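We did not get these values from a lab; they are worked out from the coordinates using the rules stated. Everything quoted here is computed from the prediction, not taken from an experiment. Ideal geometry is used to build each Cβ from the backbone, glycine not excepted, and the neighbour counts take in all protein chains shown.
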């Protein structure tokens, strides 16, 4: 089967539509391009249909997301995960950020966790494509959160619009902080542990500070 797919032309509207659905499973298009082993511009050309990808980048994307390569190539009507009602939520902690991708808060991140699409939608009331998973790495939010706790995030591309717990990247570290909106477009970042100091930043200076907000915590799970 792989040899047959290796000789297939990855083109046409069905392929582009399915490729787009696979790319959306990554936190960013840059990350999808890194997994595929191509540039962001090359991936954009594949999605537009102006260039045709080879077998290797398509196979890498299929493998990283757990999608059937045969489905992606247009050989079947529905992806196995769609039939089973499964969605693979990316695990952000297992990304490998570098200088180019840290600004987006992501890096090479093929890791994901398969979860029932129905549960994600009805329990969290959020479209599964907007979700990501991370685990707590330090004690700065204890006793509310402890190392090893599993968090589900609602990802966003804009600044926070409400107070809450948010996963952030800062100075190469992956952290969770309590974010409070303040007058004058200011954001306050708090830790629940008294040993960690709070700090404040204006929204327009977030990028300059090297701080990236991944998303708001919408679910917490831990071992008992």
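So how far apart, in nm, are the two label points at residue 222 and residue 185 if each is 7 Å from Cα heading toward Cβ?
Placing both labels 7 Å along Cα→Cβ, they lie 3.7 nm apart.
Compute and list, largest first, the equivalent-ellipsoid semi-axes of segment 112-221 from the alpha carbon gyration tensor, each √(5λ) rounded to a whole angstrom.
So the equivalent ellipsoid measures 24, 17, 12 Å along its semi-axes.
Take residue 159, project a point 7 Å from its Cα along the Cβ direction, then tell me which residues of segment 181-213 have their backbone nitrogen under 18 Å from it.
181-190, 199-213
Tell me, what is the percent relative contact order of segment 112-221, built from C-alpha pairs under 8 Å that lie six or more residues apart?
Computed value for segment 112-221: 27 percent relative contact order.
Take 193, 214 and order them by how many other Cβ atoms sit within 10 Å, fewest up front.
Ranked by crowding around the Cβ, least crowded first: 193, 214.
Where in segment 129-158 does the label zone of residue 199 land, with the point 7 angstrom along Cα→C-beta and an amide N cut-off under 16 Å?
140-141, by backbone N distance to the label point.
For a footprinting-style exposure proxy, rank 191, 209 by other Cβ within 10 Å, fewest first. Can you show the working numbers first?
Details: 191 21, 209 12.
Exposure proxy ranking, most exposed first: 209, 191.
Could you work out Rg/(2.2 N^0.38 Å) for segment 120-171, with Rg from alpha carbons only? Spell out each step's value before the answer.
On the way: Rg = 12.2 Å, N = 52, 2.2 N^0.38 = 9.9 Å.
Normalised Rg, Cα atoms only: 1.24.
Among 176, 152, which comes first, then next, by fewest other beta-carbon atoms within 10 Å?
Sorted ascending by nearby Cβ count, the order is 152, 176.
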